[in-house]
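One structure, as structure tokens, below. Some questions next.
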Amino acid sequence: MDIYDVLLRDFPFLLKGLGVAIVLLAALLLIGFVIGMAICLIQLYGPKSRLLQWPLKLYERVFRGVPIIIMLFIFFYGISGVFDISAFGAAILAMGLRSAAYQSQIFRSAFQSVPSGQMMAARAMGMSKIKAIRHIIFPQAARHAIGPWTNEFSSEIKETSLAYVIGVVELTRQAHYIITSTQGNVLTVFAVVALMYFVLNRTGNSLLYAFERKLAVPGFEK
Amino acid sequence: MADNLILDVQDVKKAYDGLQVLKGIGFGLRKGETKVLIGPSGSGKSTLLRCINYLTVPDAGRIYLNGEEVLDKNIDNMRARMGFVFQDFNLFTHLTVLDNVRICQIKVSGVDKDTATQRALRELERVGLGDKAAAYPAELSGGQQQRVSIARALAMDPDVLLFDEPTSALDPELTGEVVRVMQQLAAEGMTMVVVTHEMSFARQAADEIIFMEKGHIVEQGTPDILFNSAANERTKAFLNVIAEHG
């Protein structure tokens, strides 16, 4: 059996690996979105108390400042010592919390790019701060955030392959299984896998750009 | 407080970093009156206007709207009853003209969508922009944007309208259309406080002109008195400079 037959035969495994990567990606982006948005809102509009702001800043700096592989090891081996956590769970947690740190800063700069006059006008019309954020600031910030968020989406797709190091059977590890079982063919197998990552990446990017275009405000320069 | 004042501003003080910008300013406004605040830049006119609706919180003094004191705890309600027109319009850039004029009716006053739409279209008609309802702010000229922002304020059915240098950010050829709308409002009996350098508007539409300098009211009176027989040398000097350059 040559490598192409093997690839054809084992393609369902690659697809399964891709599925695992996609679930990991979706979960980590969701965690990152929820926590990142919360951090952003507290940093911008929450109480200025250092007791609150300082830990958030520390969290954000630490998760942006440590390599993800180290975080994966810490979360997997560190947590599994005290608490039963699967490699998949550890990967979601480590990567989701890291994405939260990045996303919080994407959102923060998007919110900050909305001119201060918008909030002032909303408040001057009698809107509460929360209503102003919800109806006036958020819709504008969201438009500014889609571009940088697309970058985050792209890097996280690629980073899911690192979950391989703690044993998550995602696309890269499935590829490795095929290589091991056929003793070689590294280039061919990884070329197929690279193509799969690339297609996923481009598809996601195209959808996000389409979304960005759909939300674009007429007459408003980007 | 004095009787039947819509707006009563009493002894307002404000300092920034030890610099006293407002040194105890008071004035009142009856229904239908237009008062124009003039004075050199840095005299505290805009700060005073912003203190009225707490966009800038005053250090001291009291503000009453229809006899009710403006306070931190009722500020959203009070602001909804005081329209504010900004120098740089501050239209909500992501919303159409129509949505700009109705969003606060719906989200602040709780007006239903149909009523808000009717009201918005009527106010847009009033400022001469009935045909721009579907446009976005970035598609309009500065003068049109400012007229939309006036319509946005009017749609809240305010007791008083506050104008903060509404024509200062406009190209000279666009100030006319905004000034005309303001003159029309004054003639229709809208109660307004206007900070402006448009002396033609002050002369024609003001019931009273208040001349401020260095955080004080230097002189106040009807346009006729201030323009023709100002008592204070500072007022005369300021009006002369404006007359030469304005």
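The values are calculated or read from the model by the stated rules, or taken from the named source; none is laboratory data. Model, not experiment: these values are computed from the prediction. Please note: Cβ atoms are built from the backbone with ideal geometry, for glycine as well, and neighbour counts cover all protein chains shown. The accessibility values were calculated without ligands, DNA or RNA, using every heavy atom of the protein model including side chains. Shrake-Rupley method; radii C 1.70, N 1.55, O 1.52, S 1.80 Å.
What does the C-alpha gyration tensor say about the overall shape of segment B:48-205? Classify as rounded when a/c is under 1.5, otherwise prolate if a/b is larger than b/c, or oblate.
Cα axes put segment B:48-205 in the oblate bin.
Collect residues whose amide H, placed 1.01 Å from N in the peptide plane, falls under 5 Å from the amide H of B:Leu7; neighbours closer than 5 in sequence don't count.
B:Leu29, B:Asn66
Sticking with this structure for a sec: What's the average, rounded to a whole number, of partner chain beta-carbon atoms within 10 Å of each residue's beta-carbon in B:82-94?
Going residue by residue through B:82-94 and averaging, the value is 6.
At 222 nm, what value in deg cm²/dmol follows for chain A if DSSP H runs of at least 4 each add -39500 (n - 2.57) and the sum is divided by all its residues, to the nearest 500?
Computed ellipticity for chain A at 222 nm equals -26000 deg cm²/dmol.
Taking the dipole about the Cα centre of chain B, with the C-beta of Lys and Arg at +1 and of Asp and Glu at -1, give me whichever of B:Ala151, B:Val195, B:Ile75 is farthest to the positive side.
B:Ile75
Shifting gears a bit: With the Cα gyration tensor of segment B:58-125 giving a ≥ b ≥ c as the square roots of its eigenvalues, does the rule (a/c under 1.5 for rounded; else a/b larger than b/c for prolate; else oblate) give rounded, prolate or oblate?
Here segment B:58-125 falls in the prolate category.
Read phi for every residue in segment B:102-111 and hand back ³J(HN,Hα) as whole Hz from Karplus 6.51 cos²θ - 1.76 cosθ + 1.60, θ = phi - 60°, with x for Gly and Pro.
Result, ordered by residue: 10, 4, 6, 4, 6, 7, 9, 8, x, 6 Hz.
Let me check I've understood the local charge: for A:Asn151, count other residues with C-beta under 13 angstrom from its C-beta, Lys and Arg +1, Asp and Glu -1. What total comes out?
It works out to a net charge of -3.
Quick one: helix A:50-65 against the long Cα principal axis of chain A, what's the angle to the nearest 10°, folded into 0 to 90?
30 degrees
Tell me which residues come under 5 Å, amide H to amide H, from B:Met192 once H is placed; ignore anything under 5 positions away on its chain.
When sequence neighbours closer than 5 places are left aside, the close amide H contacts are B:Glu33, B:Thr34, B:Lys35, B:Leu161.
Check cross-link reach from A:Lys57 to the lysines: straight Cα distance under 24 Å, and skip same-chain residues fewer than eight apart.
Filter leaves A:Lys48, A:Lys129.
Treat every Asp and Glu Cβ in segment B:107-201 as -1 and every Lys and Arg Cβ as +1, leave all other atoms uncharged, and give the resulting dipole magnitude about the Cα centre to the nearest 20 debye.
Approximately 240 debye in magnitude.
Taking both sides together, what accessible area is buried at the B/A interface, probe 1.4 Å, expressed in Å² and rounded to the nearest 100?
2100 Å²
Which shape class applies to chain A: rounded if a/c is under 1.5, otherwise prolate when a/b exceeds b/c and oblate if not, where a ≥ b ≥ c are the square roots of the Cα gyration tensor eigenvalues?
Note, shape of chain A comes out oblate.
Expressed as a whole percentage, what fraction of the accessible surface of segment B:1-133 belongs to carbon and sulfur atoms when a 1.4 Å probe is rolled over the protein heavy atoms?
C and S atoms contribute 44 percent here.
Another question, if that's okay. If you put +1 on each Lys and Arg Cβ and -1 on each Asp and Glu Cβ, how big is the dipole of chain A around its Cα centre, in Debye rounded to 20?
I would put it at about 1200 debye.
Evaluate the charge dipole of chain B about its Cα centre and quote only its size in Debye, nearest 20, assuming +1 on the Cβ of each Lys and Arg and -1 on the Cβ of each Asp and Glu.
Dipole of chain B, to the nearest 20 debye: 260 debye.
List the residues whose amide H sits under 5 Å from the amide H of B:Met212, counting only those 5 or more places along or on another chain, with H placed 1.01 Å from N in the peptide plane.
B:Ile38, B:Gly39, B:Val218
Projecting each Cα onto the charge dipole of segment B:113-173 (Lys/Arg +1, Asp/Glu -1 at the beta carbon, about the Cα centre), which of B:Ala120, B:Leu162, B:Pro172 comes out farthest on the positive side?
Positive-end residue among those listed: B:Ala120.
A further question follows. Only helical DSSP H runs with n ≥ 4 go in: add -39500 (n - 2.57) per run for chain B, normalise by residue count and round the 222 nm mean residue ellipticity to 500 deg cm²/dmol.
-11500 deg cm²/dmol
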